[in-house]
Amino acid sequence: MRNKQLEKRSRFDLRMLVFYVAVPLFMGLLLLQVLKLQWFEHDRYMLQAEQNRLNIVPTLPVRGEVIDAEGRGLAVNRIAYHVQLIPERVTRMDYTLHALANILHWSDVKLASVRKRIEHTRADRPVLLDDKLQWEQVSPLAARLHHFPGVDVESGSYRQYPYGALASHVIGYLSLARKGDLDAGYFPSEFVGRTGVEKAFEQQLHGVAGYQQEEVDAVGRRVAVLKRAPSKMGQTLQLALDIDIQQAASDALGDRTGAVVVLDVHTGAIIALLSKPGYDTNRFITGLESDQWNAWLNDPEKPLLNRAMQAAYPPASTFKLVTGFAGLEHHARLATGSTFCPGFVELADRKLRCWKHSGHGKISMHQALVESCDVFFYELGDELGMSAISDAAQEWGLGEKTGIELSPESRGSVPSQSPYMMSAIKNNASKRKRWFRGETMITAIGQGTLTTTPLQIARLAAAIANGGKVLKPQLLAGAQAEVMHQVDVSAEQLNVIRKAMRSVVSDPHGTAHRVLANSPWDVAGKTGTAQVIKMSQDRKKIISQAQQEREYRDHAWFMGYAPYKNPKIAIAVLVEHGGHGGSAAGPVAAAVIRAMAAKDHLVTTGREP
């Protein structure tokens, strides 16, 4: 009995010993942890607590506007509301998205697009769900925001292009930031320039983002705004473009496909740069439907193509001016002499024909330019050789990019006699060891593999008008002239070509006399009619007979400058499958020059345009 009591006592004492040792040890450890948390790691946990209580929300900058030469808005901002969501704060994503779809009347396609956008965005970044909304549309949601943690309605601005398709290829368009943009520091709700001026001057237009520090509750709802750092609006850009001249060019071109470029001959300022058909850039702002995008891509008229600088065409008889300069520079016999045009030139077993089948008779270079005689320039090209022609073309700025800030830009193609430059010729072999005389002769009249853009041709006209300065085209108003290179041409040589260009309009036999002789400004110019390469058999099978007839028509050109004695503008007009240069492109140039002269008269008389 006594032993049992002793045993119980011993066990009790052992337990008490463990208790007396363990409790102080546990309390000591607890005290150390408290000291660690309160003293050594206080700052770290305080920061985490603040981050849980506070939220940093970026405030997006207002994008800079784009205006024309007279201050009219080409790309402007309109006030509206937008709905955004921060994924990590949304407790029930499916429920929230379906509820928003019902309130905001989203289609299934729109809902799917929103889901995809959220999936490709960081959970802590705001995602733009809907934009360009009026208060009547968002007020039902704003009244119930407490039911949707992580969702917010904010006032802001959205991009609008008042002139739509008229200036679409110059101004370009925006779209929501993509993965590459996010990696570069953009926010998912931001719009980024994709083409045109919007892309070329993205850095200036974008502005600088700000932020606001918000206090939020346990479910992420904003309680108060504690601190704000305002965003900075992007720069307003004024272009040299005059939307009135752009409209006059568009009206004159009508429903036809083509391009019109108008430059200041002294500075290279772009007064008009039109490509038709265009497209409505406003469609991109809230996300373009795939059906519309595919319709544009598959449209045979290619509305997304900027024909003024991205498409290259045979320059046709406008190139005879370059061949003429080459003849004068190399003191070719024909440059100061004459030849007889019977309507063709015999070359081996074939005939190269003049456009005038009955021939021009005895003809000098002056009259050959006025009446656009092919035979004269076949023979002049044969006398010069391809190397001299190609050197002259490059000297006058053809076969190279103009340097305009817009992209992409075609450099066109200037063929060379070198076999290593023949890969551009599409035949059975990509390169040939021989260059044929006939190829030089057709190049001399602007045909064959030679191609140029309307912008290059307008720059050529400006260079002839300003004394040989090949200028960089300038988009911004007030930009200083930038001479890419100076052509080594004498005043005498310039005078020969300029007189011939003037006679193209003033001489009753001139190819542009009928449409431009009564222009309010004296015009110097050159027409061109570019033959169209025969389309493939596969292409024939999928288009109608009416389309085939149009496809086979020649391209119509007009280029020139005005006024003749004190030049102000240079112009190039290209009408795809328009037919003859004088009858198709000439009237477009006449309408643009009338519009320019009218505005110039208003300015010089002190009246408002």
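Listed values, structure above:
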quantity: Net +/- balance of residues flanking Leu205 in space, Cβ distance below 14 Å, scoring K and R +1, D and E -1; calculated: 0
quantity: Equivalent ellipsoid dimensions for region 81-143 as semi-axes, Å, which come from the Cα gyration tensor, largest first; calculated: 18, 13, 12
quantity: Dipole magnitude (debye, nearest 20) for the chain, charges at Cβ of Lys, Arg, Asp, Glu; calculated: 1700
quantity: Label-point separation in nm, Val208 to Glu289, each point 7 Å along Cα→Cβ; calculated: 4.2
quantity: 1.4 Å probe accessible area per residue over the chain, in Å²; calculated: 49
quantity: Qualifying chymotrypsin sites (Phe, Trp or Tyr not before Pro) for region 86-173 [loop in DSSP, other Cβ within 10 Å: at most 12]; calculated: none
quantity: Added length on full extension, which subtracts the Cα-Cα distance from 0.36 nm per residue, Leu25 to Lys227; calculated: 68.0 nm
quantity: FRET E, pair Asn566, Glu400, Förster distance 35 Å, beta-carbon r, rounded to 0.05; calculated: 0.75
quantity: Rounded to 10°, Cα long-axis angle of helix 454-466 versus longest principal axis of the chain; calculated: 60
quantity: Gain in span if fully extended, Val34 to Arg333, counting 0.36 nm per residue against the direct Cα distance; calculated: 97.3 nm
quantity: Phi to ³J(HN,Hα) by Karplus 6.51 cos²θ - 1.76 cosθ + 1.60 over region 572-586, Hz, x for Gly, Pro; calculated: 9, 10, 10, 10, 5, 6, x, x, 7, x, x, 8, 9, 8, x
quantity: Note, ³J(HN,Hα) from phi for region 202-212, Karplus 6.51, -1.76, 1.60, rounded to Hz, x at Gly and Pro; calculated: 4, 4, 6, 7, 5, x, 10, 5, x, 7, 9
quantity: Sum of -39500 (n - 2.57) over DSSP H runs of 4+, divided by residues of the chain (222 nm, nearest 500); calculated: -11000 deg cm²/dmol
quantity: Most to least accessible of Met559, Met27, Met596, Met16 (protein chains only, probe 1.4 Å); calculated: Met27, Met16, Met596, Met559
quantity: Added length on full extension, which subtracts the Cα-Cα distance from 0.36 nm per residue, Val62 to Leu111; calculated: 15.0 nm
quantity: Ordering of 315-327, 460-472 by burial proxy (mean other Cβ atoms within 10 Å per residue, highest first); calculated: 315-327, 460-472
quantity: Cα-based Rg of region 116-267 normalised by 2.2 N^0.38 Å, two decimals; calculated: 1.38
quantity: Directionally averaged shadow of the chain, computed from the convex hull of its alpha-carbon atoms, nm²; calculated: 45.9
quantity: Virtual spin-label span in nm between Ser387 and Glu346, 7 Å along Cα→Cβ; calculated: 3.0
quantity: Rounded FRET efficiency, nearest 0.05, which uses the C-beta distance separating Leu297 from Glu551 and R0 of 25 Å; calculated: 0.80
quantity: Sequence ranges 127-133, 233-239, ranked by mean other-Cβ count within 10 angstrom, highest first; calculated: 127-133, 233-239
quantity: Nitroxide proxy distance, nm - points 7 Å out along Cα→Cβ at Asp280 and Leu182; calculated: 3.0
quantity: Angle in degrees between helix 108-119 and the longest Cα principal axis of the chain, rounded to the nearest 10; calculated: 70
quantity: Region 237-253 - phi-based ³J(HN,Hα) in whole Hz, Karplus 6.51/-1.76/1.60, Gly and Pro as x; calculated: 9, 9, 8, 6, 4, 10, 5, 5, 5, 4, 5, 4, 5, 5, 4, 5, 6
quantity: Region 256-307, Rg to Rh (Cα coordinates; Rh as Kirkwood inverse mean 1/r); calculated: 1.12
quantity: Counting DSSP beta bridges with both ends in the chain, the antiparallel % (nearest 5); calculated: 95
quantity: Using alpha-carbon coordinates, inclination of helix 42-53 to the longest axis of the chain, degrees; calculated: 60
quantity: Charge dipole of the chain about the Cα centre (unit charges at C-beta), most positive-ward option of Met501, Trp521, Val592; calculated: Val592
quantity: Asp94/Ala123 FRET efficiency (R0 22 Å; Cβ-Cβ; nearest 0.05); calculated: 0.90
quantity: Apportionment of accessible area to carbon and sulfur, the chain, percent (1.4 Å); calculated: 52
quantity: Order by protection proxy (mean Cβ within 10 Å, highest first), peptides 380-386, 183-189, 453-459; calculated: 453-459, 380-386, 183-189
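The values are calculated or read from the model by the stated rules, or taken from the named source; none is laboratory data. Just so you know, these numbers come straight off a predicted model, no measurement behind them. No Cβ is skipped: glycine too gets one built from the backbone with ideal geometry, and neighbour counts run over all protein chains shown. What goes into the accessible areas is simple: the full protein's heavy atoms, side chains included, and nothing from ligands, DNA or RNA. Shrake-Rupley method; radii C 1.70, N 1.55, O 1.52, S 1.80 Å.
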